[in-house]
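Worksheet for the structure shown next.
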Amino acid sequence: MKSTVARHGATMFVAIVAAIVNGCAAFNYVESDAPVAKANIEPLAPRPKIAVVLGSGGPRGYAHVGVIKVLAEAGIEPDLIVGSSVGALIGAYWASGASATEIDTIANSGGPLTLFDLNPFADRGWIRGQKLQDYVNRGLGGKTFEQLRTPLIVVATRRDDKMPTFFTQGNIGVAVRASSAIPHVISPVGIGGVEYEDGDESLPVAVRAAREAGAQFVIAIDVSAHPSSTPPGVDASWIARDKGRRSRIDPEVALADFLFHPDLGYWASPRKSYFEMAQRVGEADAREKISALKARLVQTGLVTAQRN
């Protein structure tokens, strides 16, 4: 009797461990509100006048908050927001109607544990990403893409062929989680049986998505390191990675009508002091260029001189 109980207990323990391992190693969202993956974007109606594309970059993405603040002060409001990775995270709150100040407050409301949940059993990422998904959906009050104030396109990458995918419908938290799934750091996200990872792997600054949506004027924000900021002695593998990333960014920003590219230096950090610095640099860069941007918009007739 005792051996039978022990045997059943051991079997149950193995089953529980297996369930934990499988649950941590894979995630497949199949609920009715699952975000809809698109290989291409259909033109929006009405046609967006101004689109802002927020690039990927992890902690560097805090520079977006500084740029958004200056755009708002200048009266420049986008009709479309596109975001990859951290750009998708910040873009989701901006599209919901949050101001730069409110986004800043939200970002400072918790540390890394707010977004990171350890996944010790997985071999494809030591962070699960469920906390990030819940954080976004809770912060947005459960809104879906369709309920946002400003249309939003979230960019992710199909894991099997590295092709970009665009989300414009359904659960925003799941889409942002997919867009932020850094390979080997945050586990890839399955949606309808297809796995997705970080938008940075395909389109770090997805200007083409804004163009496909019909945007008449596209403002791109690239928060990647300037090539000139690479310090001596950086490992060759890092330099190769940076070159690969630039090869994905440069063709995209060339399609933009206006570019913000604040110089944040080479090294990034998850420290609060770095976030504050990135915001300051992003804001300073935007203030330096905002007059030129307003002049360009007036020339196009998309805004009037009175808003200048």
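A few notes on this one:
- Residues of the range 252-308 classified as touching a Phe, Trp or Tyr at 6+ places or on another chain (Cβ under 9 Å) and charged (D, E, K, R), total: 5
- Residue satisfying all of: in the range 267-290; aromatic (Phe, Trp, Tyr) and more than 29 Å from Asp79 (Cβ to Cβ); least open to solvent (accessible area, probe 1.4 Å) among these: Tyr274
- Asp263 satisfies every condition listed in (1) closer than 30 Å to Pro48 by Cβ; (2) in contact with a Ser or Thr (Cβ under 8 Å, 6 or more places away or on another chain); (3) outside any loop (DSSP other than H, G, I, E, B) except (3).
- When we screen Gly282, Gly265 for residues that are on the phi > 0 side of the Ramachandran plot, touching a residue at least 24 places away in the same chain (Cβ under 8 Å) and in contact with a helix residue (DSSP H, G or I) (Cβ under 8 Å, 6 or more places away or on another chain), the only hit is Gly265.
- Conditions (1) more than 13 Å from Pro35 (Cβ to Cβ); (2) in contact (Cβ under 8 Å) with a residue 24 or more places away in the chain; (3) basic (Lys, Arg): number failed by Lys131: (2)
- If you go through the range 266-308 and keep only what is of a type in the set (Lys, Arg) and in a helix (DSSP H, G or I), you end up with Lys272, Arg280, Arg287, Lys289, Lys294, Arg296, Arg307.
- Within the range 133-143, considering residues that are under 16 Å from the mean Cα position of the chain (by Cα) and more than 11 Å from Ala92 (Cβ to Cβ), the one surrounded by the most Cβ atoms within 10 Å (Cβ to Cβ): Gln133
- The condition (being under 19 Å from Lys143 (Cα atoms) and either in contact with a Leu (Cβ under 9 Å, 6 or more places away or on another chain) or of a type in the set (Asp, Glu) (or both)) is satisfied by just one residue among Ser96, Ser56: Ser96.
- Taken together, Leu255, Leu264, Leu293 contain a single residue that is modelled with pLDDT of 95 or more, in contact with a Lys or Arg (Cβ under 8 Å, 6 or more places away or on another chain), surrounded by 17 or more Cβ atoms within 10 Å (Cβ to Cβ) and not aromatic (Phe, Trp, Tyr), which is Leu264.
- Of the criteria (1) at pLDDT 95 or above; (2) on the phi < 0 side of the Ramachandran plot, which one Asp235 fails: (1)
The values are calculated or read from the model by the stated rules, or taken from the named source; none is laboratory data. Computed from a predicted structure; not experimentally measured. Every residue, glycine as well, gets a Cβ built from its backbone with ideal geometry; the counts of neighbours run over all protein chains shown. Just the protein is used for accessible areas: all its heavy atoms, side chains included, with ligands, DNA and RNA removed. Shrake-Rupley method; radii C 1.70, N 1.55, O 1.52, S 1.80 Å.
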